[in-house]
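Accompanying notes for the structure given below.
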Amino acid sequence: MALFLGSYANKVDRKGRVSVPAQFRAALAGQVFNGIVAFPSFKEPAIEAFSESDMARLAESLEQLDQFSQEREDLSLIFADSLQIGFDGEGRVVLPQAFADHAGITDTALFVSAVDHFQIWSPDTYARKKNGARERLQSRGATLRVRPSGSFNGPGSNGPGFSGPGSPTGAGPTGAR
């Protein structure tokens, strides 16, 4: 799994080309495809960008859903809307106009970590989202439990912060044995 950290704003040229941050390209190094797989987010006015191998993980997750279920059909739109976008010799990608329009990106693109992938936003739109998220986190007094080392998304993982059968503690959801 690639790990992406940070946020970076880069100019979009008149041909729709934008440089992917060097740190993000480094996280993608070693992939068979020298670029990203991108699609318009179905949750946000942003572009989602994954490595090819992480898109394969998404496909595996989708395959776990019932073959003709509405949820599977709806989520399969991710793949119908996805494009492989290769890096040029300078580490740039060409943002498809429909993707840029969806995200409201004109002259500047903001690359934002989403941990195992990244998103591409209009800087103004992301600033509003970020401020709203900070307010929600503060009002809830949100915290994040740190999982034991080596337990991140491994086989048999029960998800973030869950202590249950098969987890390192072996306790159920209530902590009882």
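Some notes on this structure:
- Pairs where the first residue, in segment 65-80, is outside any helix (DSSP H, G or I) and the second is aliphatic (A, V, I, L, M), C-beta under 7 Å, 6+ apart: Ser76/Leu62
- Figure legend. Inter-residue proximity from segment 119-147: first residues over 30 Å from Val93 (Cα atoms), second residues surrounded by 10 or more Cβ atoms within 10 Å (Cβ to Cβ), beta-carbon distance below 7 Å, spacing 6+ or different chains. Indicated pairs: Arg145/Gly161; Arg147/Pro160.
Conditions (1) buried (at least 20 other Cβ atoms within 10 Å of the Cβ); (2) within 17 Å of Gln84 (Cα to Cα); (3) within 13 Å of the chain's Cα centre (by Cα); (4) among the acidic types (Asp, Glu), marked per residue:
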{"position": "Val12", "(1), (2), (3), (4)": "no, no, no, no"}
{"position": "Phe24", "(1), (2), (3), (4)": "yes, yes, yes, no"}
{"position": "Gln31", "(1), (2), (3), (4)": "no, yes, no, no"}
{"position": "Ile36", "(1), (2), (3), (4)": "yes, yes, yes, no"}
{"position": "Phe42", "(1), (2), (3), (4)": "no, no, yes, no"}
{"position": "Ala46", "(1), (2), (3), (4)": "yes, yes, yes, no"}
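- So Arg57, is it in contact with a Gly (Cβ under 6 Å, 6 or more places away or on another chain), among the basic types (Lys, Arg), farther than 19 Å from Gln97 by Cα and touching a residue at least 12 places away in the same chain (Cβ under 8 Å): no
- Residues within segment 108-141 that are of a type in the set (Gly, Ala, Ser) and in contact with a helix residue (DSSP H, G or I) (Cβ under 7 Å, 6 or more places away or on another chain), tallied: 1
- Leading residue by the ranking (surrounded by the fewest Cβ atoms within 10 Å (Cβ to Cβ)) among those in segment 56-89 that are farther than 22 Å from Asp116 by Cα and either in contact with a Cys (Cβ under 6 Å, 6 or more places away or on another chain) or modelled with pLDDT of 95 or more (or both): Gly89
- Output for segment 122-151, where each listed residue is of a type in the set (Lys, Arg), in a helix (DSSP H, G or I) and more than 30 Å from Asn10 (Cβ to Cβ): Arg140
The values are calculated or read from the model by the stated rules, or taken from the named source; none is laboratory data. Computed from a predicted model, the values in this text were never measured in an experiment. Counting neighbours? That spans all protein chains shown, and the Cβs are built from the backbone with ideal geometry, glycine included.
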